[in-house]
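A.B. asks: After the structure tokens below, expect a handful of questions from me.
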Amino acid sequence: MAQNFFCTKVCNTVLEAAAILHVSIQDFAQALLAVKELGKNPVGSEFIATPDNLNTLLELASSFKDDPEASSEALRSVANALFLIEKARSTILEERVAGGAFTMSMLEKTTLPDHIFVLSRILFLVTVSGPSFIRKLVEDKYNGHTAIEIIGSKLDLLMVGILAGRKMAREAMTDILKFAFNILLYYPKMVQTEPQTPEANNPDQTHIIGDFWSSKLDNLLAPALRVFTSLPLTSPNPIAAPLTHVIHALITIPVSAELCPIWFGTNAIASPRVSVSNSPRQSSRSQTPQPGASSSSNSNDSPQPTPVSPKPSTLDRALSVLSAGRRSLSRSPPTNTTASVNVVQRTYELMDTAFAHFFPGVVDVDDASVRDRARQELPDNSLDDLLSPLVVLLSRICAADEASRVRVRQLIIPDDLDRSSPLEGRSNLLGRCLRLMTSVYHSRLKDSVGEMLFAMCDSDASVLSALVGYGNVAGFLYNKGVLSAPHAPSPTTSTYTPSTAAASINPITGTTNNPRQDLPEMTDEEKELEAEKLFVLFDRLEKTGAIPPSQNPIRKAIQEGKIG
């Protein structure tokens, strides 16, 4: 009780002093640091979470333009209160505080990674439960810019900061992507203006992520893709924040006809043949995480968009300077024509690198060493949670774009693939994917990999079986209603054309049928030696009781006079 009283008293004293300016500006940073530390106690945060005190702290944060440290401490006090006191997340949105709009305006003005981090944390917390404020947040403007434009510009700014090694840039990127994900998650379902799946128009269905989209969110795609293709990998785990969060954001954005010029370059058009089995609704029922959906199935009924060359972004211009001499980070600012190669290649390489890290060599994916490594490197996560979204992203790309589908298929199962040994025993991405198809411990990842391979094969069971062997995917296809080995694929319904060598491929194993070589004729001496070995073997089995005398073929042959 004494600690609670002291915490409340100190917070009250500092905030009252701030309200009447009895404390010098130089002393405010230390005073607000004390408030922040006391706010880590739920009692202190409960006191801070009142409308008047939240309003005071926000005003202090805005007024200290020349003292970013003091401003940051005030914002962190607010963030702590929102984290610990759930009702504060609605209090800050009340009209007398108007903390949502106030925070967005501050975010638009700031260029400091530390401030972007804290402001994004506040906005993430106030939108985490999907309040109606999200609709107002997206549709209003802040200093002449929409929330989507502000988020996009900060993503580009922070990407430059990360590449330059700027302090707090990575943490700020993580939190602004969390905030962006809340918008992508809730806003389309609030407005319900652009249905993306057949289930979206069914009032009896519970709407899920990917059922709807809004063109007001389109401008998030380009900066998110720039982040996705430019973020340097971490070590030892190559898939870590903020990369995980940009993947989560991307799988909520539809690969539709309207957005294909951004996803795949200025000349890309969504594939008109997208299997319903790859929609997020069906995938969610099979426990495969597929948050996004493609609307390209309607592309035959709607006019195709005129490709527009995007303007060079801040990130594009900065990368040209930062990456001079480093080919892996180079960009061509004027256009986005290489987007398809970048996104597909990047997704494939990330998946290959991550799978090789967590499933090294030809290890069994359910081996204890795999789970031990995951527990060590992912104490708060699982391989299902970490890797499934990346696989889902590649699945959606394959399902929506024919060129990307063919490209991924060639990367994973090239035409000149060596099929002399079992495919599931390989130490490459194909081998690891096939071993995951029989996994017990990674059920969601197993389902995601199956959906990815299926989408890569034109969502055609015949193509999938022809490429990897029915035996490797029998369980997955059974769950899709394919109860027996399918017929050979038809070139009229698939982008896959079997080569002349396909006739020698075993349809069950996916390996080459090698003709059995004739063994040389045994000599009489070799025949006698082998017969003697068999006699000794069966005699031993008879003496040990393993077989009765009447079942000994050697004894029977002697009795019948076949052996002298």
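The values are calculated or read from the model by the stated rules, or taken from the named source; none is laboratory data. From a predicted model like this one, the values you see are computed outputs, not experimental measurements. Cβ placement follows ideal geometry from the backbone for every residue including glycine, while neighbour counts extend to all protein chains displayed. Accessible surface areas use protein heavy atoms only, side chains included; no ligands, DNA or RNA. Shrake-Rupley method; radii C 1.70, N 1.55, O 1.52, S 1.80 Å.
A.B. asks: Mind checking which residues of the range 45-62 are within 38 Å of the chain's Cα centre (by Cα) and surrounded by 18 or more Cβ atoms within 10 Å (Cβ to Cβ)?
C.D. replies: S45, E46, I48, A49, L54, N55, L57, L58, A61
A.B. asks: Now, a different point. Identify the single condition in (1) of a type outside the set (K, R); (2) free of Cβ contacts under 8 Å to residues at least 24 places away in the same chain; (3) open to solvent by less than 10 Å² (accessible area, probe 1.4 Å) that G144 does not satisfy, given that it satisfies every other one.
C.D. replies: With (1) of a type outside the set (K, R); (2) free of Cβ contacts under 8 Å to residues at least 24 places away in the same chain; (3) open to solvent by less than 10 Å² (accessible area, probe 1.4 Å) applied to G144, the lone miss is (3).
A.B. asks: Looking at the range 74-103, I want the residues that are in contact (Cβ under 8 Å) with a residue 40 or more places away in the chain and under 26 Å from A31 (Cβ atoms) and have a partner that is surrounded by fewer than 22 Cβ atoms within 10 Å (Cβ to Cβ) and acidic (D, E) with Cβ atoms under 8 Å, at least 6 apart or on another chain. Which pairs are those?
C.D. replies: A81/E46; L84/E46; I85/E46
A.B. asks: So how many residues does the range 542-564 have that are at pLDDT 80 or above, closer than 22 Å to L529 by Cβ and either aliphatic (A, V, I, L, M) or assigned to a loop (DSSP other than H, G, I, E, B) (or both)?
C.D. replies: Of the residues in the range 542-564, 1 are at pLDDT 80 or above, closer than 22 Å to L529 by Cβ and either aliphatic (A, V, I, L, M) or assigned to a loop (DSSP other than H, G, I, E, B) (or both).
A.B. asks: Counting only residues that are open to solvent by less than 50 Å² (accessible area, probe 1.4 Å) and over 28 Å from the mean Cα position of the chain (by Cα), which one in the range 483-497 is farthest from R435 (Cα to Cα)? Break it down into steps so the answer makes sense when it comes.
C.D. replies: If we filter the range 483-497 for residues that are open to solvent by less than 50 Å² (accessible area, probe 1.4 Å), which is where we start, we get 486, 489-490, 494-496.
Filter again for over 28 Å from the mean Cα position of the chain (by Cα), leaving 486, 489-490.
Details: P486: 21, P489: 24, S490: 27 Å.
Checking each candidate, the answer is S490.
A.B. asks: When S62 is evaluated against the numbered criteria (1) part of a helix (DSSP H, G or I); (2) modelled with pLDDT under 75, which criterion, by number, is the only one it fails?
C.D. replies: (2)
A.B. asks: Further question: So, in the range 470-487, how many residues would count as being touching a Pro at 6+ places or on another chain (Cβ under 7 Å) and of a type outside the set (F, W, Y)?
C.D. replies: Residues that pass the stated criteria total 1.
A.B. asks: Now for a different question. Filter the range 113-130 for residues that are of a type in the set (V, I, T) and over 16 Å from L58 (Cα atoms); which is surrounded by the most Cβ atoms within 10 Å (Cβ to Cβ)?
C.D. replies: Our first condition is that a residue be of a type in the set (V, I, T); within the range 113-130, this holds for 116, 118, 122, 126-128.
With the extra rule that they be over 16 Å from L58 (Cα atoms), the set shrinks to 127-128.
Working: T127: 24, V128: 17.
That would be T127.
A.B. asks: In addition: State whether the residues of the range 168-177 include one that is outside any helix (DSSP H, G or I), free of Cβ contacts under 8 Å to residues at least 40 places away in the same chain and surrounded by fewer than 21 Cβ atoms within 10 Å (Cβ to Cβ).
C.D. replies: No; the residues of the range 168-177 include none that is outside any helix (DSSP H, G or I), free of Cβ contacts under 8 Å to residues at least 40 places away in the same chain and surrounded by fewer than 21 Cβ atoms within 10 Å (Cβ to Cβ).
A.B. asks: Looking at the range 65-84 only, could you name the residues that are at pLDDT 90 or above and open to solvent by 20 Å² or more (accessible area, probe 1.4 Å)?
C.D. replies: Matches in the range 65-84: R76, N80, F83, L84.
A.B. asks: Identify the single condition in (1) at pLDDT 95 or above; (2) in contact with a Gly (Cβ under 7 Å, 6 or more places away or on another chain); (3) among the polar types (S, T, N, Q) that N472 does not satisfy, given that it satisfies every other one.
C.D. replies: So N472 meets the others, but not (1).
A.B. asks: Of a type in the set (D, E) and touching an Asp or Glu at 6+ places or on another chain (Cβ under 8 Å): does that describe D204?
C.D. replies: no
A.B. asks: Another question about this same structure. Anything in the range 216-244 that is of a type in the set (S, T, Y) and closer than 24 Å to Y186 by Cα? List them, or say none.
C.D. replies: Taking the range 216-244 as the starting set, the residues that turn out to be of a type in the set (S, T, Y) are 229-230, 234-235, 244.
Matches in the range 216-244: T244 only.
A.B. asks: Would you mention how many residues in the range 85-112 are open to solvent by 10 Å² or more (accessible area, probe 1.4 Å) and assigned to a helix (DSSP H, G or I)?
C.D. replies: 9
A.B. asks: Counting only residues that are in contact (Cβ under 8 Å) with a residue 60 or more places away in the chain, of a type outside the set (F, W, Y) and surrounded by fewer than 20 Cβ atoms within 10 Å (Cβ to Cβ), give me the helices (runs of 4 or more DSSP H) lying completely in the range 378-460 with at least 3 of them.
C.D. replies: Numbers: elements: 383-400, 402-412, 429-436, 443-456.
So the answer is 402-412.
A.B. asks: How about the range 187-229: which of its residues are over 24 Å from the mean Cα position of the chain (by Cα) and of a type in the set (S, T, Y)?
C.D. replies: Selection gives T193 alone.
A.B. asks: Identify, please: which residue in the range 502-524 is among the hydrophobic types (A, V, I, L, M, F, W, C) and modelled with pLDDT under 75 and is, among those, farthest from L430 (Cα to Cα)?
C.D. replies: Among those that are among the hydrophobic types (A, V, I, L, M, F, W, C) and modelled with pLDDT under 75, it is L519.
A.B. asks: Let me spell it out: the conditions are (1) assigned to a helix (DSSP H, G or I); (2) at pLDDT 95 or above; (3) surrounded by 12 or more Cβ atoms within 10 Å (Cβ to Cβ); (4) of a type outside the set (K, R), and S369 meets all of them except one. Which number is the exception?
C.D. replies: Unmet condition: (3).
A.B. asks: Another question, then. Anything in the range 341-366 that is in contact with a helix residue (DSSP H, G or I) (Cβ under 7 Å, 6 or more places away or on another chain), open to solvent by 30 Å² or more (accessible area, probe 1.4 Å) and either in a helix (DSSP H, G or I) or among the aromatic types (F, W, Y) (or both)? List them, or say none.
C.D. replies: N342, R346, Y348, D352
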